[in-house]
Structure formats: C-alpha cells, structure tokens
1. Given segment 331-397, what strands (runs of 3 or more DSSP E) lie entirely inside it while holding 1 or more residues that are free of Cβ contacts under 8 Å to residues at least 12 places away in the same chain, under 28 Å from THR205 (Cα atoms) and of a type outside the set (A, V, I, L, M)?
2. Which residue, of GLU132, GLU113, GLU75, is of a type in the set (D, E, K, R) and either within 27 Å of HIS165 (Cα to Cα) or in contact (Cβ under 8 Å) with a residue 60 or more places away in the chain (or both)?
3. Which one of these is modelled with pLDDT under 90, basic (Lys, Arg) and touching a helix residue (DSSP H, G or I) at 6+ places or on another chain (Cβ under 7 Å): ARG121, ARG140, ARG128, ARG163?
4. Quick one: in segment 342-357, which of the residues that are out of contact with any Gly (no Cβ under 7 Å at 6 or more places or on another chain) and either of a type in the set (Asp, Glu) or at pLDDT 95 or above (or both) is surrounded by the most Cβ atoms within 10 Å (Cβ to Cβ)?
5. Hey, could you check segment 52-93 for residues that are more than 28 Å from the chain's Cα centre (by Cα) and among the small types (Gly, Ala, Ser) and say which is surrounded by the most Cβ atoms within 10 Å (Cβ to Cβ)?
6. So which of ALA50, ALA58 ends up being of a type outside the set (Val, Ile, Thr), part of a helix (DSSP H, G or I) and not assigned by TED's automatic domain parsing to the domain that holds PRO142?
7. Contact list please: Cβ distance under 6 Å, first residue in segment 139-164 and without any contact (Cβ under 8 Å) to a residue 40 or more places away in the chain, second residue surrounded by 14 or more Cβ atoms within 10 Å (Cβ to Cβ) and assigned to a strand (DSSP E or B), pairs at least six apart or on different chains.
8. Return the residues of segment 281-328 that are touching a residue at least 40 places away in the same chain (Cβ under 8 Å), touching a strand residue (DSSP E or B) at 6+ places or on another chain (Cβ under 8 Å), closer than 19 Å to SER192 by Cα and in a loop (DSSP other than H, G, I, E, B); say none if nothing qualifies.
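The values are calculated or read from the model by the stated rules, or taken from the named source; none is laboratory data. No experiment lies behind these values; they were computed from the predicted model shown. Here the Cβ positions follow ideal geometry from the backbone for every residue, glycine too, while neighbour counts run over all protein chains shown.
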Amino acid sequence: MEQARNALSQNLAQSSLLRPDQSEEAEARLVLRDVIEQHQRHRVNSRQPALTPSQQDALHSRLFDTFFQFGPLQEHLDNPLVEELIVNGPRSGFLLLGGGTKRPFDPGFSSDEEVRGILSRVVARAGRRIDESSPAVDVRLPDGARLHAILPPLTQHVCLTVRRHRLVADSLDELIELGTVSSEAASFLADSVRGGLNILVSGGTASGKTTTLNALGRAIPSQERIVTVEETIELRLASLLPDCVSLEARSANSEGVGRISIRELVRHALRMRPSRIVVGEVRGAEALDMLSAMNTGHEGSMGTLHANSARQALSKLRTYLLMAEEGISSEVATEMIGETVDLVVHLQLHRSGAKRQVVQIAEVVGIESGRILTNDLFRIDSDQLVRTNIRPRFLDRLGQSDFQHHRPTSGNGSSPMERTW
C-alpha cells in the first residue's frame, strides 16, 4: 500500500490525487499496474507464489478504490441493487436493497482514521471539507448520489450515509405497473396536469415523491417550457420534455462562500419565461416564491414536500411561508395556500418497505375559520386506491381532457365517474 502511495505521489500532482480528471485517472491506473508488476517480480524473486491474473486485477481494483474512490465500500456502491449504504463505524454498517431489504455488512475499515481519510478525499472533490472545524457535511457525488457524513465528537464513530436515488418510473403508466397508483387515479392525475392544476406531492422519506413528480411532469404538454429546481438534480424531465431546463442548488465551498439556495433558483427560474416551475423539494422560504409563481401565470406548477398526510403537508407549507424574510402573517399564508394549491398527492412507503403507494389524493377547496379545507377525491381502502363520491370543484377545468372522454367502466357497463361525477 505504501509503495503504491509513493508511486502515485511521484507521478501525479497533489491536486490530481484529490480531484483527478479522466486522463489523470488513466495515468493513475497505469502507475498502479507498474506497482503490481514490481510486486509480482518481488514475489517471484523471493520464491513466493505468483499472483494469478484475476488476483492482479482484484489488487489493482482494491488499490484504485482506496486512493480514488470509496475503498472497501466501492464494491457495494457498484452493486445496482444497493439503494442506500450506511456506515455506523469501521466494522459496522447496513445495506438497504431494492424491495426494502435491510442487510448488515462489514464496511472493512481498520479504524475511524481510514474512514476519515477516504471521506476527506471524496468531499474535497466536491469543493467541501470535513474536519474538526467542519465536522458534518452533505454533498452530491459525481453519479448523483447523496453523501452525508459526521465526525466525532458529534458521534461515537465516523458515520456516513450514501443514498442513491433511483427513478424507477418515467410515466404514470409505469407507476401503474409498479402498483404505486391505480389506473383510474393515474388518468385523473394526467388530466389534472394537462389542465394546469397546481399539485403538491407529499410523503415520508423514500416514499416515492420524486419518482411520482417525474411521472407527473411527463404528462405536461410538449409545447410548454418547464424549469425544474432541485437541491440535487434527480428528475429526468430535461431528457423527457423538449423544452425543459434543470437548475441545481449549490452549497458553500470550503471557504464558506458561493452558496446558491433553492429560493434564489426559483427567482431565477421566473426570469426564464417558463410555463410551469417544478420544485424538487420544498423545505423553506422558497415556498413563498413557488406559490407566488403559481399565482402569476405559471399555473400547473408542482413540488414535493415531506409530510405524513395531505393535511400535514399543507400545514408545513404554511410554516415554510412564515419562514420567509418578507414576514407575512399566518392569515395571509393560509389564504395563499387556499387560493393557489389545487391538489395534494400523498404517498406512503409500505411497512414492509417493498411498495411505494399513493394513499390519498385531496383537493383544496377553500378556507373556513382560518383552516384550509380539503376533500379526499381518492383514498386507500383495503390496500386499494379508490375514488370517493366527491365531485372535484375544478372538474370543469378538465373539460377537454382525455379523462372526460375515456372513462373506466364498471361491471354493468356504466362508468363509476358517470354515477358520481
């Protein structure tokens, strides 16, 4: 290991070791090949068994991962089934796999110092640092994954979490196949998007909010101009829609400057002449700018929000409005939400972790005694998303939509919508 470290230091600049480009990575691989060949000759000369070609390849990968990637964690991060990797200490961790499986594993580090060394290098590539003066960090990795790390004394051991967000569906049809939403609800949501309703997608962590938002965005008419705003780019709308621009927030650098917030990006988005704005996650004062956009010619805008129910989502949205430096009152915040948000689509991760499901679609119908009133249009019943008998107040806005003309039929040949809507 020390021989490889010295060889890399002699052949590559220090900045290249921290943030190598493609050509420098290729050069590093050649250097490590030379080191392995020298090691092979030493083994032969000392009458030790020579390494087989597969052993040489494995050693080369291990060395490269140690100096330029995540060391012993890299093999797990290369596994497409791993959605989240958690390290609670040098020899303690968990892998969260697709389908909700949680499996313990040994990260394979010898000490906290080894974990810290790899973290420092990975974080430096993103222009950030993690040390005693800055013992916690949250960065985006080159592949789009999110890394969060925290050091002692804030915790007993160096802890890190790598979350890889996977969009498993690009359309509402694919969400139907996954069992996330019923075909009737999907048809209704597609028409709501085309009809220009302002939609809030809520749910807990890993409940499928971003995937659902991406699928809803796919239903936007192709002639419209869309601007997406995200903390970390996860939506695929820029590649799915002909006129879509993706904006991504930026954290402060190691000197504490250069931060670009979600709120600033929403303001920039308004100057880009969009038909709609899609905010990846609302969790602060940017809620005011998003609602203002919805009220000023950008109907059909959408966003996601962490919440445990549709009602709580609206309550949290009001709290975020009150956080804005403009200092609006609670009454004004409530009125803005009641006049602006049309639908809340709430998702839930099944207790087994194997299924993400829309469990509630609620419309905002107004304000009474300072409270935002909602009606459930779809709700979960015996693990099935079913439509209620409430007729949406905005149904006339969907008058020319496919939903009005292609209605699902019941067993007696009549449409359940015809009976109640």
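1. Correct list: 371-381.
2. The match here is GLU75.
3. After applying the criteria, what remains is ARG121.
4. The residue in question is VAL345.
5. Filtering segment 52-93 for residues that are more than 28 Å from the chain's Cα centre (by Cα) and among the small types (Gly, Ala, Ser), the one surrounded by the most Cβ atoms within 10 Å (Cβ to Cβ) comes out as SER61.
6. On inspection, the qualifying residue turns out to be ALA58.
7. The qualifying pairs are LEU141/LEU147; LEU147/VAL139; LEU147/VAL162; HIS148/ASP138; HIS148/THR161; ALA149/VAL137; ALA149/LEU160; ILE150/CYS159.
8. Hits for segment 281-328 are GLU299, GLY300, SER301.
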